[in-house]
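First comes the structure, then the notes that go with it.
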Amino acid sequence: MPKTLTNLAAGVAVATVSAVTAQAETWDLPMAYSATNFHSATGAIFAECVTAGTGGALTIQTHPGGSLYAGAEIKRAIQTGQVNIGERLLSGHQNENALFGFDSVPFLATSFADSEKLWDIAKGPLSEILAEQNLHLLYSVPWPGQGLYFDREVNTLADAEGLKFRAYNSASARMAELAGMLPVQIEAAEISQAFATGVAQGMVSSGSTGYDRKVWESLSHYYGVDAWMPRNYMLVNLDAWNDLDDATKAVMNGCAVAAEYAGDWRSIQYTEFTVNELGKNGMTTGPASEELAAELRAIGETMTAEWLEAAGEEGQKIVDAFKAAQ
Ligand code: PCA
């Protein structure tokens, strides 16, 4: 994780000066995932860092678990200034711009090192698109690799045919369709109930979300697949950002660098811990069978071709640069 913390020191040093003159403000920060989730924990530390760094001139109040806005509504709420800041999974908005799904292209970046490499390449183009949508990007943290959850043993896709499969973005929904399952979009905050009532019978997600939502109460199998590593993004309304004084911006930037660094670490640490916890709570965990893995790779190729078609030249450039950096 080659990140620098020098901005943080600079930011905090400048901030103490400005805090006295700035007008005290509170920004509400909606987050879709539960308070105990590592992204939400990182967001909470970020909020405390900004609040402390500005001497309370800018207080950031977090609202985890979709309590202020559900995940799907958070981006629009920030863009339109209903809130000034929020955290959201951008691949959930791939229908607006295919590039938002760069982090959910199957089997492109499946390790933390590759996820970071891909992010370094995609960050510039993505920030430009966000700016056109009145959004300013502060930091981004990946989820652990995505595996398959089911309420039964699945050795080939035939075993999963017709199952209701919980989706959280276009890639997870498309994977379900191509695998012969029925995608249902459900926020993470609602999945425990969805699995308990049979509204969904499987999903693609990380060990982390399965652990957070105690899915062992309804599901029995987790297959490590490392399909992709989607990211959450801390976003600020661009007008609100532009209205901040330089010292406050410096604090925010410094806290963002620290948050991204800490969030990356949490994600790495959480990977093994959470999959172990699934096992301890009675789920069967392990790699997918060779046959299932091959079926998923074929689906991945179709999805990659579809994404490249939708993302055009910009998408191809990102993939080419990523492959050249391997
Ligand atoms: N958890 C989130 C997105 C990716 C992940 O691992 C979810 O299931 O909603």
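The values are calculated or read from the model by the stated rules, or taken from the named source; none is laboratory data. Everything numeric here is computed off the predicted structure, so don't read it as measured data. In this analysis, Cβ positions are derived from the backbone assuming ideal geometry, glycine residues included, and neighbour counts consider all displayed protein chains. Note: accessible area is taken over every heavy atom of the protein model, side chains too, but ligands, DNA and RNA are not part of it. Shrake-Rupley method; radii C 1.70, N 1.55, O 1.52, S 1.80 Å.
For residue 233, are the conditions met, namely being within 12 Å of the ligand (Cβ to nearest atom), outside any loop (DSSP other than H, G, I, E, B) and among the aromatic types (Phe, Trp, Tyr)? Outline the logic, then answer.
Numbers: within 12 Å of the ligand (Cβ to nearest atom): no; outside any loop (DSSP other than H, G, I, E, B): yes; among the aromatic types (Phe, Trp, Tyr): yes.
Judged against the criteria, residue 233 is not a match.
Out of all the residues in segment 177-189, which are part of a helix (DSSP H, G or I) and touching a residue at least 12 places away in the same chain (Cβ under 8 Å)?
If the condition is that a residue be part of a helix (DSSP H, G or I) and touching a residue at least 12 places away in the same chain (Cβ under 8 Å), then 178, 188, 189 are the ones that fit.
Can you tell me how many residues within segment 128-148 are within 16 Å of the ligand (Cβ to nearest atom) and charged (D, E, K, R)?
The first filter runs over segment 128-148 and keeps only residues within 16 Å of the ligand (Cβ to nearest atom), leaving 140-148.
Next cut, charged (D, E, K, R) only: none.
Residues meeting the conditions: 0.
Just wondering, is there one or more residues in segment 168-176 that are surrounded by 21 or more Cβ atoms within 10 Å (Cβ to Cβ), in a loop (DSSP other than H, G, I, E, B) and under 14 Å from the mean Cα position of the chain (by Cα)?
Within segment 168-176 (the criterion being surrounded by 21 or more Cβ atoms within 10 Å (Cβ to Cβ), in a loop (DSSP other than H, G, I, E, B) and under 14 Å from the mean Cα position of the chain (by Cα)), the answer is yes, since at least one residue qualifies.
Checking the condition within 19 Å of the chain's Cα centre (by Cα), part of a helix (DSSP H, G or I) and over 20 Å from residue 116 (Cα atoms), which residue from 248, 274, 302 passes? If you could, list the steps in order and put the result at the bottom.
On the way: 248 fails: within 19 Å of the chain's Cα centre (by Cα); 302 fails: within 19 Å of the chain's Cα centre (by Cα).
Of 248, 274, 302, the one residue that is within 19 Å of the chain's Cα centre (by Cα), part of a helix (DSSP H, G or I) and over 20 Å from residue 116 (Cα atoms) is 274.
Starting from residues that are open to solvent by less than 40 Å² (accessible area, probe 1.4 Å) and among the aliphatic types (A, V, I, L, M), keep the ones in segment 39-64 and report whichever is farthest from residue 253 (Cα to Cα).
That would be 41.
What residue, among those in segment 101-114 that are surrounded by 24 or more Cβ atoms within 10 Å (Cβ to Cβ) and part of a helix (DSSP H, G or I), is farthest from the ligand (Cβ to nearest atom)?
102
Can you tell me how many residues within segment 212-229 are surrounded by fewer than 23 Cβ atoms within 10 Å (Cβ to Cβ) and either among the charged types (D, E, K, R) or within 11 Å of the ligand (Cβ to nearest atom) (or both)?
The qualifying residues number 3.
Please specify each residue of segment 186-203 satisfying the condition of being more than 8 Å from the ligand (Cβ to nearest atom), open to solvent by less than 50 Å² (accessible area, probe 1.4 Å) and in contact with a helix residue (DSSP H, G or I) (Cβ under 8 Å, 6 or more places away or on another chain).
Here is the first cut: in segment 186-203, the residues more than 8 Å from the ligand (Cβ to nearest atom) are 186, 189-190, 192-202.
Next, from what is left, pick out any that are open to solvent by less than 50 Å² (accessible area, probe 1.4 Å): 186, 189, 192, 194-195, 198, 200-202.
Answer for segment 186-203, where residues must be more than 8 Å from the ligand (Cβ to nearest atom), open to solvent by less than 50 Å² (accessible area, probe 1.4 Å) and in contact with a helix residue (DSSP H, G or I) (Cβ under 8 Å, 6 or more places away or on another chain): 186, 189, 192, 195, 200, 201, 202.
Sort out which residues of segment 54-72 are free of Cβ contacts under 8 Å to residues at least 60 places away in the same chain and in contact with a strand residue (DSSP E or B) (Cβ under 8 Å, 6 or more places away or on another chain), and write them in order of number.
Of segment 54-72, the ones free of Cβ contacts under 8 Å to residues at least 60 places away in the same chain are 55-56, 59-64, 67-69.
Those that are free of Cβ contacts under 8 Å to residues at least 60 places away in the same chain and in contact with a strand residue (DSSP E or B) (Cβ under 8 Å, 6 or more places away or on another chain): 59, 60, 61, 62, 63, 67, 68, 69.
What is the number of the single condition among (1) within 22 Å of residue 207 (Cβ to Cβ); (2) touching a residue at least 24 places away in the same chain (Cβ under 8 Å) that residue 291 does not meet?
With respect to (1) within 22 Å of residue 207 (Cβ to Cβ); (2) touching a residue at least 24 places away in the same chain (Cβ under 8 Å), residue 291 is out only on (1).
Looking at residue 128 and the list (1) in a helix (DSSP H, G or I); (2) surrounded by 20 or more Cβ atoms within 10 Å (Cβ to Cβ), which single condition is not satisfied?
(2)
With respect to residue 158, is the statement that it is surrounded by fewer than 23 Cβ atoms within 10 Å (Cβ to Cβ) and under 21 Å from residue 217 (Cβ atoms) true? Give the derivation first.
Working: surrounded by fewer than 23 Cβ atoms within 10 Å (Cβ to Cβ): yes; under 21 Å from residue 217 (Cβ atoms): no.
No.
Can you find even one residue in segment 149-165 that is part of a strand (DSSP E or B), within 12 Å of the ligand (Cβ to nearest atom) and within 23 Å of residue 233 (Cα to Cα)?
There is no residue in segment 149-165 that is part of a strand (DSSP E or B), within 12 Å of the ligand (Cβ to nearest atom) and within 23 Å of residue 233 (Cα to Cα).
Can you run down the residue pairs with Cβ atoms below 6 Å, 6 or more apart or on separate chains, where the first is in segment 88-111 and touching a residue at least 24 places away in the same chain (Cβ under 8 Å) and aromatic (Phe, Trp, Tyr) and the partner is within 15 Å of the ligand (Cβ to nearest atom) and open to solvent by less than 20 Å² (accessible area, probe 1.4 Å)?
The qualifying pairs are 100/90; 100/91; 100/93.
Is there a residue being among the charged types (D, E, K, R) and not in a helix (DSSP H, G or I) anywhere in segment 190-201?
The answer is no; no qualifying residue exists.
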